[in-house]
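*Asks:* Pasting a structure below so you can have a look.
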Amino acid sequence: MSRVINFMGIRNIAFAITVVVTFIALGSLALKGLNFGLDFTGGTQIELAYEQPADLGKIRQQLAGANYGDAVVQSFGATTEVVVRMQGDDPELGNKVATVLQQSGDRLQVKKVEFVGPQVGEELRDQGGLGMLLALGGVMLYLAFRFQWKFSMGAFVSLVHDVIVTLGVLSFFQITFDLTVLAALLAIIGYSLNDTIVVFDRVRENFRVLRKADLIENINISTTQTLLRTLATSISTLLAIGALLVFAGDNLFGFAFALFVGVLVGTYSSIYISNVVLIWLNLTVEDLIPPVATEEVDERP
């Protein structure tokens, strides 16, 4: 066998780092909170059509000068189409914004003005949180039936860690949390689970092959055997997400940023969290042996 990397040799150091990072993430969420977008808080969305390609930086400066500094300005489809999102429910807000922008001589027209009420935003936020909880619950049930309940606990702790740390980073940098970012969190759960299952499956197989190896040695061997696959998947995924970060523009920045953080954290947790939980729960080969059905013996004469 090729050289085995002693991943679990530094598990205590990794655990200390995990605790510190998790508490920092929770502290940021408690102190700063999430920067909810208009999808969740409510507000007005204005779609504008320019005759010439729009300069988003110039538009932001114009709006900030007119006391609309909280406006979110993004390209929408073609380079001549712009969407402006801001707080407020004034039915004339679209015309007021158009008037401000036309003062620089740009020719534009208001295509559509939509208002999202705070009640709708609150409902979206609650349903999104419920969807995330259902996803985590489904993961636990799947792994409990597919593998064993100790594997299920390892994956659950790993996924909760991934979500908390990603949310903490979003909170710390005050990245706008909208429906696209929520979709990224659900994608992170799926990605991290896939990484974890690959390692778990190899651990289960090696229990049958490496009969004399203890749990820690089994985990080190299994993680080493799947390392190239994990790195290839993570690096190729990060390259694709990095392209989104650089070239996709403001519309998908929050989505790509959340995915980038989630993939990094998920790769780490599939090695140093889910596996460590198996050690804490003292997984043994007997846990993977199905119980033998015994027939009742009729002792009556």
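*Asks:* Suppose the filter is touching a residue at least 40 places away in the same chain (Cβ under 8 Å) and part of a helix (DSSP H, G or I); does residue 58 pass it?
*Replies:* Yes: the conditions hold for residue 58.
*Asks:* Sticking with this one: Can you name the condition, by its number, that residue 79 falls short on among (1) free of Cβ contacts under 8 Å to residues at least 60 places away in the same chain; (2) polar (S, T, N, Q); (3) more than 24 Å from residue 247 (Cα to Cα)?
*Replies:* (3)
*Asks:* Moving to a separate point now. Looking at region 5-28, which of the residues that are free of Cβ contacts under 8 Å to residues at least 60 places away in the same chain and among the β-branched types (Val, Ile, Thr) is farthest from residue 199 (Cα to Cα)?
*Replies:* If we take residues in region 5-28 being free of Cβ contacts under 8 Å to residues at least 60 places away in the same chain and among the β-branched types (Val, Ile, Thr), then 20 is farthest from residue 199 (Cα to Cα).
*Asks:* Is it the case that residue 216 is surrounded by fewer than 18 Cβ atoms within 10 Å (Cβ to Cβ) and farther than 20 Å from residue 244 by Cα?
*Replies:* Considered against the rule, which asks whether it is surrounded by fewer than 18 Cβ atoms within 10 Å (Cβ to Cβ) and farther than 20 Å from residue 244 by Cα, residue 216 comes out as yes.
*Asks:* Additional query: How many of the residues in region 39-70 are buried (at least 17 other Cβ atoms within 10 Å of the Cβ), under 28 Å from the mean Cα position of the chain (by Cα) and closer than 14 Å to residue 97 by Cβ?
*Replies:* Number of matching residues: 3.
*Asks:* Which condition breaks for residue 70 when tested against (1) part of a loop (DSSP other than H, G, I, E, B); (2) modelled with pLDDT of 80 or more; (3) not small (Gly, Ala, Ser)?
*Replies:* In the conditions (1) part of a loop (DSSP other than H, G, I, E, B); (2) modelled with pLDDT of 80 or more; (3) not small (Gly, Ala, Ser), residue 70 misses (2) alone.
*Asks:* Please go through region 165-191 and pick out each residue that is touching a strand residue (DSSP E or B) at 6+ places or on another chain (Cβ under 7 Å), surrounded by fewer than 22 Cβ atoms within 10 Å (Cβ to Cβ) and either at pLDDT 90 or above or not hydrophobic (A, V, I, L, M, F, W, C) (or both).
*Replies:* Within region 165-191, 174, 176 qualify.
*Asks:* Please determine whether any residue of region 228-240 is over 19 Å from residue 193 (Cα atoms), touching a helix residue (DSSP H, G or I) at 6+ places or on another chain (Cβ under 8 Å) and modelled with pLDDT under 90. Outline the logic, then answer.
*Replies:* Taking region 228-240 and keeping what is over 19 Å from residue 193 (Cα atoms), we get 239-240.
Keeping just the survivors that are touching a helix residue (DSSP H, G or I) at 6+ places or on another chain (Cβ under 8 Å) gives none.
No, region 228-240 contains no residue that is over 19 Å from residue 193 (Cα atoms), touching a helix residue (DSSP H, G or I) at 6+ places or on another chain (Cβ under 8 Å) and modelled with pLDDT under 90.
*Asks:* Condition first: in a helix (DSSP H, G or I), surrounded by 21 or more Cβ atoms within 10 Å (Cβ to Cβ), among the polar types (S, T, N, Q) and over 20 Å from the mean Cα position of the chain (by Cα). Can you find one or more residues in region 263-281 that meet it?
*Replies:* yes
The values are calculated or read from the model by the stated rules, or taken from the named source; none is laboratory data. Remember, predicted model here, so these are calculated numbers, not experimental data. Here Cβ is always computed from backbone atoms with ideal geometry, including for glycine, and neighbour counts include all displayed protein chains.
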